[in-house]
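Step one of this worksheet: look at the structure below.
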Amino acid sequence: MQSFLKIDHVGITFDTPKGKLEILKDIKLDIAQGEVVSLIGHSGCGKSTVLNIVAGLLRASEGGVLLEEREVTEPGPDRAVVFQQHSLLPWLTVYDNVRLAVDQVFGRTKTRKERDEWTRHNLALVHMEHALERRPHEISGGMKQRVGIARALAMEPKVLLMDEPFGALDSLTRTHMQDSLMEIQARLNNTVVLITHDVDEAVLLSDRIVMMTNGPSATIGQVLDVDLLRPRDRLALAEEPTYHHYRAEVVKFLHERHDKPRLVSSNPPQQEPRALPLAANG
Amino acid sequence: MAATNLTTKTFALPWLARALDWLSGSGIDRIAGGLAHALLLPLLGIGIFLLLWSAGAAQVQTSLGQLPGPAQVWEQGQRLWAEHRAERGREAAFSERLDERYEKAVAAGRSAEDLAKIRARRYTGNPTFVDQIWTSLITVATGFLLASIIAIPIGIVCGMNAAFYAAMNPLIQIFKPVSPLAWLPLVTLIVSALYVTDDPLVSKSFLTSAITVTLCCLWPTIINTTVGVATVDKDLMNVSRVLRLGWFKQTVKIILPSAMPMIFTGMRLSLGIGWMVLIAAEMLAQNPGLGKFVWDEFQNGSSNSLARIMVAVLVIGFIGFLLDRGMLMLQRRFSWDKDAILR
């Protein structure tokens, strides 16, 4: 298997007021082009930190990440991220949110008309072509996440990084989104790294499931190859013994580490609470 | 949400707030639904206030006679308006006479110099109450705009650069609580020293009042802009990093829109302070305006003065309220966070 994305002995240590805290150590993983890999583990184990290092949003303290033999040193559109909280710009319409990314990535290589078509094309891919002029607060959570995915896909990334993309959605919407993702991935053959804490989601979507131990000093505990034929159909899989076998494997791993994970935030220096506007008199 | 809006807005003449709400695009249905609630209770409040006022005022004897009740104030309000109309009438008559003289002079073949002299004559009546209101509004607008032009860029830099903020913070904290009355003498002297021209575009007293307003308007806008810029959602900043937006694009596309609601909150607070400061500044600087009107009436000391001052007080309050609602309207227009309850 030729290495497309290589996570090479990555470790990260944060300086906290209480001293140094090692969040991750010795993460190594080779991912092939077109592969879907999911990271699963208890909350707080550092899954998001791994993803942020691959994205370039965080720098590893040890080791590094290679994408097509080149070291990742900063964030870039070749590693598009779909964030858990959609992260659409609330003041832009659905179209403009995606168009901003398209203009930024293809501003020099595509004409204005091509960029317009490409924006519409990607929104059509996630079935959002009917809501181009809506703003994020006017659409549902599932729709926002679709737009987030369209924005990421529109960058034509080499790797699509998804941080619990469906975690905030209700289960019915989540099911739809998983199906759409499988359909799009089958069509475009994207390389996907996906974080989840949903065992079914991991087995359904992935070619490989990377199970992480609890932090601090989290690392890869076990890698499970999911050898189920694609396209996968969730109803058919429910009848299939191999599916349940894989599912059981993951559950067993997670429960063997059933000691409560110590309270370590998965991405400590981020996410400050939003300050409330000062009350105006009136 | 309708219920909270009703209870919170009963303070400030809700029917007007509602009309402005409607102008700023938030729903007609709520206006109809809460009409009784929105109209009756405030009217009841105003009614009780008027009763207490007239009963209380009758008990107080001042050196200028009895404290006026609502009826006298209303009467003086009408008189001020009538005086304004009369003054306008005299001005119109004056310019008519001037035109006649000018035409006669042209017919008589007088020299161009004489003609210009006639044209140059200006009406020199006293400014009326309404004129004073306009002067005050223009002064506060000038001071407020000047403050916003200075404060917003400073706030943006403070929010983006922690070192700059650390340097600015003590200055902001020290100058913020300074009263306009303390600034005024300094500003007066500095304006007198630096603003020396033969043909002044604006009067010195106007400049003094406007700059004093500016000095007091700066701080809420700086502070709120700083907070708005510094607390841009980290996820949005990460989006910007993934897209590799440049410094300028990041500021224009992400940081400024994100901080816009806070910037408007700051500007609204500033305008409220500016209006209060202005009245005090006008009293002391003797700049024409509502403040000077109040001071002149106080010095005048006629039997009507107290009632006329009370008219001014009510007008000052009402204009302050309208300015605040106007800013709120703008704030709603420019706010992307439609879930935030602005009031």
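The values are calculated or read from the model by the stated rules, or taken from the named source; none is laboratory data. Predicted model only: the values in this text are computed from it and were never measured. Every residue, glycine as well, gets a Cβ built from its backbone with ideal geometry; the counts of neighbours run over all protein chains shown.
What to note about this one:
- For A:Gly148: the one exception among (1) under 17 Å from A:Glu201 (Cα atoms); (2) out of contact with any Gly (no Cβ under 7 Å at 6 or more places or on another chain): (1)
- Scanning the stretch B:330-338 for any residue that is buried (at least 18 other Cβ atoms within 10 Å of the Cβ) and of a type in the set (A, V, I, L, M) turns up nothing.
- Within the stretch B:216-225, one or more residues are at the interface with another protein chain (Cβ under 7 Å from one of its Cβ atoms) and at pLDDT 90 or above.
- A count restricted to the stretch A:223-253 and to residues that are free of Cβ contacts under 8 Å to residues at least 24 places away in the same chain and hydroxyl-bearing (Ser, Thr, Tyr) stands at 1.
- Here B:Tyr102 meets the list (1) within 22 Å of B:Gly289 (Cβ to Cβ); (2) among the aromatic types (Phe, Trp, Tyr); (3) in a helix (DSSP H, G or I) almost entirely, failing just condition (1).
- Residue within the stretch B:304-324 that is among the charged types (D, E, K, R) and within 14 Å of another protein chain (Cβ to nearest Cβ) present: yes
- If the condition is being in contact with a helix residue (DSSP H, G or I) (Cβ under 6 Å, 6 or more places away or on another chain) and either in a loop (DSSP other than H, G, I, E, B) or within 14 Å of chain B (Cβ to nearest Cβ) (or both), then the stretch A:55-83 contributes A:Leu57, A:Leu58, A:Ala60, A:Pro75, A:Pro77, A:Arg79, A:Ala80, A:Val81, A:Val82, A:Phe83.
- Some residue of the stretch B:227-243 being within 14 Å of chain A (Cβ to nearest Cβ), within 28 Å of B:Ile172 (Cβ to Cβ) and within 15 Å of the chain's Cα centre (by Cα): no
- Yes/no for B:Leu256 being in contact (Cβ under 8 Å) with a residue 60 or more places away in the chain and away from chain A (no Cβ under 11 Å): no
- Residue among B:Phe321, B:Phe293 that is surrounded by 22 or more Cβ atoms within 10 Å (Cβ to Cβ) and either under 14 Å from the mean Cα position of the chain (by Cα) or assigned to a helix (DSSP H, G or I) (or both): B:Phe293
- From B:Ile309, B:Ile254, residue being in contact with a helix residue (DSSP H, G or I) (Cβ under 8 Å, 6 or more places away or on another chain), assigned to a helix (DSSP H, G or I) and closer than 30 Å to A:Asp78 by Cα: B:Ile254
- Residue that is farthest from the other protein chains (Cβ to nearest Cβ), among those in the stretch A:84-110 that are outside any loop (DSSP other than H, G, I, E, B) and under 18 Å from the mean Cα position of the chain (by Cα): A:Val98
- Count of the stretch A:42-54 residues which are out of contact with any helix residue (DSSP H, G or I) (no Cβ under 9 Å at 6 or more places or on another chain) and more than 14 Å from chain B (Cβ to nearest Cβ): 6
- Some residue of the stretch B:281-303 being within 9 Å of another protein chain (Cβ to nearest Cβ) and either among the β-branched types (Val, Ile, Thr) or within 30 Å of B:Leu184 (Cβ to Cβ) (or both): no
- Within the set A:Val65, A:Val50, A:Val37, A:Val94, the sole residue that is crowded, with 20+ Cβ neighbours inside 10 Å, over 16 Å from B:Asp235 (Cα atoms) and outside the structural domain of A:Glu256 (by TED's automatic domain parsing) turns out to be A:Val94.
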